[in-house]
Protein chains: 4
Amino acid sequence: MSNWSPRDPGSIGVAFLGAGRMGQVHVRNMATIPNARPIVVADPNPANAAKGRDLARALRASTDPVEAIGDPEVEVVVISTPTDTHAGLIETALRAGKAVWSEKPIAQTIAETRRIVDLWRELDIPVQLGFMRRFDPGYLRAHSLIERGELGRIEQFRALSRDTNPPPLEFLLSCGGSFLDMSVHDLDLARFLVGEVEEVHAWASVLFDDRFAQADDWDTSVIMMKFRNGALGVVETARHSTWGYDIRTEVAGAAGKVIVDGGQMTPATHLRRVAAESDLYPDFSDRFEVAYRRELEAFFENLGAGRPVGPGPDDALETLRLAVACTLSWRENRPVRLDEVAG
Amino acid sequence: MSNWSPRDPGSIGVAFLGAGRMGQVHVRNMATIPNARPIVVADPNPANAAKGRDLARALRASTDPVEAIGDPEVEVVVISTPTDTHAGLIETALRAGKAVWSEKPIAQTIAETRRIVDLWRELDIPVQLGFMRRFDPGYLRAHSLIERGELGRIEQFRALSRDTNPPPLEFLLSCGGSFLDMSVHDLDLARFLVGEVEEVHAWASVLFDDRFAQADDWDTSVIMMKFRNGALGVVETARHSTWGYDIRTEVAGAAGKVIVDGGQMTPATHLRRVAAESDLYPDFSDRFEVAYRRELEAFFENLGAGRPVGPGPDDALETLRLAVACTLSWRENRPVRLDEVAG
Amino acid sequence: MSNWSPRDPGSIGVAFLGAGRMGQVHVRNMATIPNARPIVVADPNPANAAKGRDLARALRASTDPVEAIGDPEVEVVVISTPTDTHAGLIETALRAGKAVWSEKPIAQTIAETRRIVDLWRELDIPVQLGFMRRFDPGYLRAHSLIERGELGRIEQFRALSRDTNPPPLEFLLSCGGSFLDMSVHDLDLARFLVGEVEEVHAWASVLFDDRFAQADDWDTSVIMMKFRNGALGVVETARHSTWGYDIRTEVAGAAGKVIVDGGQMTPATHLRRVAAESDLYPDFSDRFEVAYRRELEAFFENLGAGRPVGPGPDDALETLRLAVACTLSWRENRPVRLDEVAG
Amino acid sequence: MSNWSPRDPGSIGVAFLGAGRMGQVHVRNMATIPNARPIVVADPNPANAAKGRDLARALRASTDPVEAIGDPEVEVVVISTPTDTHAGLIETALRAGKAVWSEKPIAQTIAETRRIVDLWRELDIPVQLGFMRRFDPGYLRAHSLIERGELGRIEQFRALSRDTNPPPLEFLLSCGGSFLDMSVHDLDLARFLVGEVEEVHAWASVLFDDRFAQADDWDTSVIMMKFRNGALGVVETARHSTWGYDIRTEVAGAAGKVIVDGGQMTPATHLRRVAAESDLYPDFSDRFEVAYRRELEAFFENLGAGRPVGPGPDDALETLRLAVACTLSWRENRPVRLDEVAG
């Protein structure tokens, strides 16, 4: 079905690129996947590379990702490097005939993303992007209810995300703005759960952290959207939260509704002073621990079974167009139709 | 069907006896019942009587309950006086041909209770006792699920009650012990939801308040029970709670389970410091506000419609036997079969 | 403080106008208010009037609301008549020197509402409008947390309302559109909990019921709003729900967040087939039963104590301006600043 | 501190014994532990052994557990074999100077367990038993609240466990009875959270599955307990559940209460037909997935850091005495004091 297949579906050689903070999470997860055989962990920082090698029980460490991609034992490349390197490394891997799992986004511009989508279509090699929420048990249950028609025709979509702590200024200056960097997870959910969007209007403000203003960015935003199927939606985003990681997604239809939320972290309730208290997840990495594990597991399971993988570069491109439309709407303070944004 | 019927089912004359703290709750509730026509509110304390009259919009106040019962306009007597007056006032009302709603218990001894049951059977006049939990929407839903067979054969019963504040020592000295005074609500639920009990074993301790020891009573207890239908149960009771009123009743069967609990008082949740907080009910009177309203409403609805009322004196007697068996079990530290306790 | 005061604060004479479906709810609630003395219940339908009189235990019934207002025993007029009669009856009552509680809205046009506001200011007589949510324990708790500064500076507001069943076409044709008729409750909450709004953008669609199209109305809508204090908000509205009455209001600030939701109707949980199920409120009148009771109680408590009442006509006018701005935004598909809508 | 220390705390050689159903869960978990170096997986069934080797990425497989223990590279033995082999393999490992993690119980008799406790004390080598609930985030939070004094003096303990499916008859015939086999988890919690028990009384019945009667066992039971510190407790156990795995533990004190329950499996809620539905965990292995991972992680973390491990053989012995006392109480239908059961 594709121009790639594993030599041994039960033992697929892997190069892992990028062993920083989130990279180490992915490395640990990879170590538990039965048919992933870690060959090399590469990171420009030798200490990270060595640490990644040990966590992965890989054969070797490297400070050169391109060299790692080229290792003849390597059939799959897992990319968890800084955002501005994704497109280049994906391209290198694809041209070397290696399947790819990469953290999102492919790139911050539509042109660059388009280029990778075209290459992927031409070479027909499996690529999966790290929209981990699609592998969260909560969102999977929502998706399944919707697919089975339990909600009837979808009428409303609502997604809220509040990150616990804002990123450093240096990161803000290069992240492409909060619609691309953060709201994008909810925009992907909108497409995953409801379908393609026709028009958006976005408002944004700097309410609590002036560094966002310095970066010509915003810390709080709201997006209104019309879907092609007629449903109406909203996406609310804020970049800090003093009560832990806060997400909530609601999809309502003619026959029912499903809600996915932040959940209770610990199945314990403390009663005192005429109140019941339960804890919340401190941060997104805690809330999505299982999703991070599942997205890599599913990738290797599907590669091993010869099944398609996804979400792929085409999904990444469509979601990027949505984020770009929101940014344009905010900058020009007007509704923007998706067909204004070239794909 | 009975030796009592209202002159006008849409306007039944009522004498209300006892307008203290809980009495005023009942008076207010009575004022909203369409077919209850308040004639007289009686309380030995003239201020209470006058306050009750105003709250009830009754025709007059009285300091003499017996005189109030005798008023020819009065067809129904509602009794919310101190416990040791219940049996006498019920008897006076029945002998005067008036229907009766009375706070529980009828009396603290089986002999005195038995006497009222016999009189009630002989005269065949409607009497309802104030086991208000049977009118709580939560317990009604549990009862309905069980009656419809949704739980299958019942296997387990568990009831916990923690009152917020212990009563004053003076009350403890005359209340008959905590199994009669407090556990009795859960013992009534056991019978309401599961059925008759065959054997009990009870343990009790003074853990936090020495006044209970002074009263030869206990502040914390646990009862183990076998039902005639084979199910096993436990009843846990404590007489203080620093986190508000705490109840929880669980009935588990072969096909399902139902839980009734204290509930959330206010439909609001406060998120802060990585926790979600919702409030609990401060006290039993808050938690059972609706049940107190419904038990009187149902009584007058049923009287007006010529339907039977309940729970009646027979239920009060059976539940008292259960409480007496628990007390005996605790005092002799051994399992006690219900048939050891004469009815 | 005002040009009105009760003759006897403990017994205030009341005329009750309109004893239809919701009217009967208010009548029953009034019957439980200690210092409300029901004089007359008026309804053009004699059967409703008589039923209302009985429920209120009022002295008499009438088919003429103006006659009832004029009764010299009457000091307060409670209005629960069809919407298009509110302004006229409020005016009649005010000119007769009677205090007023009226169902919202005063009127569907700003001009007519403005006229009543001016008259109310001129005569200085207490008037309260039926925005019952402000008396719901959940919203009161939210308001109290915000007032005490527990949430810090407010950053986000979100309100969702889904009614269970759409109204009949006849009603739709005269209700002024769904922003005025239904979203108005959430617009009032936005002002109650966060403050005045500066700009709105609203989108609306007919997604499930063509009768809304016939009435030039919509069944599903979303409003985006900027508050004067910088906070961003959304209001989502839908006019049917197959899962019961569905509301949820979230206010998030720099220090915390509060959520008010539909709540669990019955404190019972049913476990079966690997799931826990709890019930929801069937309709708004069930969910807000306590709020409907509290709004009238508070009105009479405040009248009796010589304290101000509210929300008043000025609140009704400001909220109407917000609903009108939303309607204009939707019809012209553009953001509308509140100062475009004359007050 | 002990007669055992790892050669390299960052890479400890492990033999894994028993790769059946639960064994494979433990093997997978071990594969993610950074300082565990899998040497050999042994199982009498060669297919299981090979599967375990692959899951663990171990150097080799074996069908002989004793041979595996003896491998000079092996410093730690992880035992997940059938119950009746535990004591023997623990002894072999200890005598070979290897640290041990073993599934509970050590043995079904006090004498055999006592023998291992004595050996463990004599040799002073780390041994940890698989009471995984002590590593569940819910129970850890409960334990931490209690240790910090947040609950005040403990007054009440309650634990409920319902397994989803009863075990096969063959297993029942050799499991030592349900107090030893299943209630033991709650008995361990009683000791972990509240302290030592002074007296128990247990009742048990066969209510739904006659195979339990064939095995002279029971499917439903209730235990009443007095703790040495005065607190009262109950433990309820049932061996089937049609609504998934059902646990709930409550500890109430003078100052507060903590509840640990089965939790919501998926952070998704489905609203339809006037009800909200959330899913439960199908079985104990799903509910305690994290606890199974954490108990092994903590074992290796502590071994690597030279810290003590636990719960150890002494805890296993004390909890076994409690289960034996319950069994005796049930067979003789009388309260049994713990000091009647030799340790």
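For the stretch A:7-18, a tally of residues being free of Cβ contacts under 8 Å to residues at least 60 places away in the same chain and open to solvent by 40 Å² or more (accessible area, probe 1.4 Å) returns 1.
If you go through the stretch C:78-129 and keep only what is touching a His at 6+ places or on another chain (Cβ under 8 Å) and among the aliphatic types (A, V, I, L, M), you end up with C:Val78, C:Ile79, C:Ile106, C:Ala107. Annotation: of all residues in the stretch B:138-168 being under 19 Å from the mean Cα position of the chain (by Cα) and open to solvent by 50 Å² or more (accessible area, probe 1.4 Å), the one that is farthest from the other protein chains (Cβ to nearest Cβ) is B:Asn165.
Out of C:Thr92, C:Thr83, C:Thr63, which single residue is β-branched (Val, Ile, Thr) and within 17 Å of the chain's Cα centre (by Cα)? Result: C:Thr83 is the single residue among C:Thr92, C:Thr83, C:Thr63 that is β-branched (Val, Ile, Thr) and within 17 Å of the chain's Cα centre (by Cα). Scanning the stretch A:110-137 for residues that are over 18 Å from the mean Cα position of the chain (by Cα) and hydrophobic (A, V, I, L, M, F, W, C), which turns out nearest to the other protein chains (Cβ to nearest Cβ)? By that ranking, first place goes to A:Ile125.
The condition of being over 22 Å from D:Arg162 (Cβ atoms) and facing chain A (nearest Cβ under 10 Å) holds for only one of D:Ala252, D:Ala268, that being D:Ala268. So is D:Asp209 without any contact (Cβ under 8 Å) to a residue 60 or more places away in the chain and over 17 Å from D:Arg331 (Cα atoms) or not? So D:Asp209 passes the test. Residues in the stretch A:222-245 that are of a type outside the set (Lys, Arg), facing another protein chain (nearest Cβ under 7 Å) and not in a loop (DSSP other than H, G, I, E, B): A:Val222, A:Met224, A:Leu232, A:Val234, A:Glu236, A:Ala238. Output yes when any residue across the stretch B:75-82 is open to solvent by 30 Å² or more (accessible area, probe 1.4 Å) and part of a helix (DSSP H, G or I), and no when none is. Within the stretch B:75-82 (the criterion being open to solvent by 30 Å² or more (accessible area, probe 1.4 Å) and part of a helix (DSSP H, G or I)), the answer is no, since none of the residues qualifies.
Of the listed requirements (1) of a type in the set (Lys, Arg); (2) over 26 Å from D:Asp181 (Cα atoms); (3) free of Cβ contacts under 8 Å to residues at least 24 places away in the same chain, D:Arg21 misses just one: (2).
When C:Pro282, C:Pro313 are checked against the criterion of being touching a Ser or Thr at 6+ places or on another chain (Cβ under 8 Å) and open to solvent by 20 Å² or more (accessible area, probe 1.4 Å), C:Pro282 stands alone in meeting it. Restricting attention to the stretch D:205-221, the residues being within 9 Å of chain B (Cβ to nearest Cβ) and open to solvent by less than 20 Å² (accessible area, probe 1.4 Å) number 4. Quick check: anything in the stretch D:59-74 modelled with pLDDT under 95 and assigned to a helix (DSSP H, G or I)? No: zero hits.
Every test in (1) out of contact with any helix residue (DSSP H, G or I) (no Cβ under 6 Å at 6 or more places or on another chain); (2) surrounded by 20 or more Cβ atoms within 10 Å (Cβ to Cβ); (3) facing another protein chain (nearest Cβ under 7 Å) is passed by D:Ser178 save one, and that test is (3). Filter the stretch B:285-308 for residues that are among the charged types (D, E, K, R), open to solvent by 20 Å² or more (accessible area, probe 1.4 Å) and not in a loop (DSSP other than H, G, I, E, B) and give the result. If the condition is that a residue be among the charged types (D, E, K, R), open to solvent by 20 Å² or more (accessible area, probe 1.4 Å) and not in a loop (DSSP other than H, G, I, E, B), then B:Asp286, B:Glu289, B:Arg293, B:Arg294, B:Glu297, B:Glu301 are the ones that fit. When the residues of the stretch B:324-343 are narrowed to those that are farther than 13 Å from B:Trp203 by Cα and more than 14 Å from chain D (Cβ to nearest Cβ), which ends up surrounded by the fewest Cβ atoms within 10 Å (Cβ to Cβ)? Once the filter is applied, the top-ranked residue is B:Ala342. Answer yes if at least one residue in the stretch B:3-22 is more than 14 Å from chain C (Cβ to nearest Cβ), modelled with pLDDT of 95 or more, in a helix (DSSP H, G or I) and under 24 Å from the mean Cα position of the chain (by Cα), and no otherwise. No, the stretch B:3-22 has no match at all.
Rundown of residues vs (1) in contact (Cβ under 8 Å) with a residue 24 or more places away in the chain; (2) of a type in the set (A, V, I, L, M); (3) under 24 Å from A:Leu129 (Cα atoms); (4) out of contact with any helix residue (DSSP H, G or I) (no Cβ under 8 Å at 6 or more places or on another chain), yes/no style:
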position: A:Trp203; (1), (2), (3), (4): yes, no, no, no
position: A:Asn229; (1), (2), (3), (4): yes, no, no, yes
position: A:Asp246; (1), (2), (3), (4): yes, no, yes, yes
position: A:Thr249; (1), (2), (3), (4): yes, no, yes, no
position: A:Gln264; (1), (2), (3), (4): no, no, no, yes
position: A:Glu277; (1), (2), (3), (4): no, no, no, yes
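Listed by position, the helices (runs of 4 or more DSSP H) contained in the stretch B:89-197 that have at least 2 residues being modelled with pLDDT under 95 are B:169-174. Residue count for the stretch B:271-284, restricted to those that are under 17 Å from B:Trp243 (Cβ atoms) and either in a helix (DSSP H, G or I) or facing chain C (nearest Cβ under 8 Å) (or both): 2.
I need the full set of residues from the stretch D:23-58 which are assigned to a loop (DSSP other than H, G, I, E, B) and open to solvent by 10 Å² or more (accessible area, probe 1.4 Å), in order please. Those that are assigned to a loop (DSSP other than H, G, I, E, B) and open to solvent by 10 Å² or more (accessible area, probe 1.4 Å): D:Thr32, D:Pro34, D:Asn35, D:Asp43, D:Pro44, D:Asn45, D:Arg57, D:Ala58.
The values are calculated or read from the model by the stated rules, or taken from the named source; none is laboratory data. Remember, it's a predicted structure, so these values are computed and weren't measured experimentally. Don't worry about glycine lacking a Cβ; one is built from the backbone with ideal geometry, like all the others, and counts go over all protein chains shown. For accessibility, only protein heavy atoms count, side chains too; no ligands or nucleic acids. Shrake-Rupley method; radii C 1.70, N 1.55, O 1.52, S 1.80 Å.
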